[in-house]
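> Let me give you the structure first, and then I'll get to my questions.
The values are calculated or read from the model by the stated rules, or taken from the named source; none is laboratory data. The structure presented is a predicted model; accordingly, all values stated were derived computationally and were not measured. Glycine gets a Cβ as well: all are built from the backbone with ideal geometry, and neighbour counts include every protein chain shown.
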Amino acid sequence: MIESENIRTLLLVAFPGADIDLVDLTGTKDHYQARIVSTAFAGRSLVEQHQLVYRALGDAMSGPIHALALKTYTPEAWAKVNSR
């Protein structure tokens with residue numbers, strides 16, 4: 001188990017200024033959904049973006065976090081999603 005604020009802190013260290021929405025999907029503090037909007041994703045494939053997130057979470061991905069549903073966006077891509 002890992003608290004959502006601990007996850008948020010790890011992500012903000014890796015992606016300063018990112019817009020992060022984090023949801024505990026089951027209430028068990030090990031299944032999360034994250035939406036991350038960051039300039040760090042610019043020019044990277046979706047797989048590369050997710051790899052950056054996994055690296056940022058480090059050891060938490062091999063224990064405390066059992067499942068993580070990710071949605072990653074650049075600010076420009078997020079603006080397009082929100083303009084629909």
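> In region 62-72, how many residues are surrounded by 15 or more Cβ atoms within 10 Å (Cβ to Cβ) and more than 10 Å from the chain's Cα centre (by Cα)? I'd like the intermediate steps shown before the answer.
Taking region 62-72 as the starting set, the residues that turn out to be surrounded by 15 or more Cβ atoms within 10 Å (Cβ to Cβ) are 64-65, 68, 71-72.
The next check asks that each one be more than 10 Å from the chain's Cα centre (by Cα); those that pass are 64-65.
Here the count works out to 2.
> For R35, are the conditions met, namely being under 12 Å from the mean Cα position of the chain (by Cα), assigned to a helix (DSSP H, G or I) and modelled with pLDDT of 95 or more?
Details: under 12 Å from the mean Cα position of the chain (by Cα): yes; assigned to a helix (DSSP H, G or I): no; modelled with pLDDT of 95 or more: yes.
No; evaluated as a whole, the condition is false for this residue.
> Next up: Going through T72, T28 one at a time, which residue ends up being part of a strand (DSSP E or B) and of a type in the set (V, I, T)? Full working, then the answer.
Working: T28 fails: part of a strand (DSSP E or B).
The unique qualifying residue is T72.
> Looking at (1) of a type in the set (G, A, S); (2) modelled with pLDDT of 95 or more; (3) not in a strand (DSSP E or B), which one does G58 not meet, given that it meets all the others?
(2)
> To continue, here is another question. Name the residue that is nearest to A69 (Cα to Cα), counting only residues in region 7-53 that are exposed (fewer than 15 other Cβ atoms within 10 Å of the Cβ) and touching a residue at least 40 places away in the same chain (Cβ under 8 Å).
Within region 7-53, the match that is nearest to A69 (Cα to Cα) is L25.
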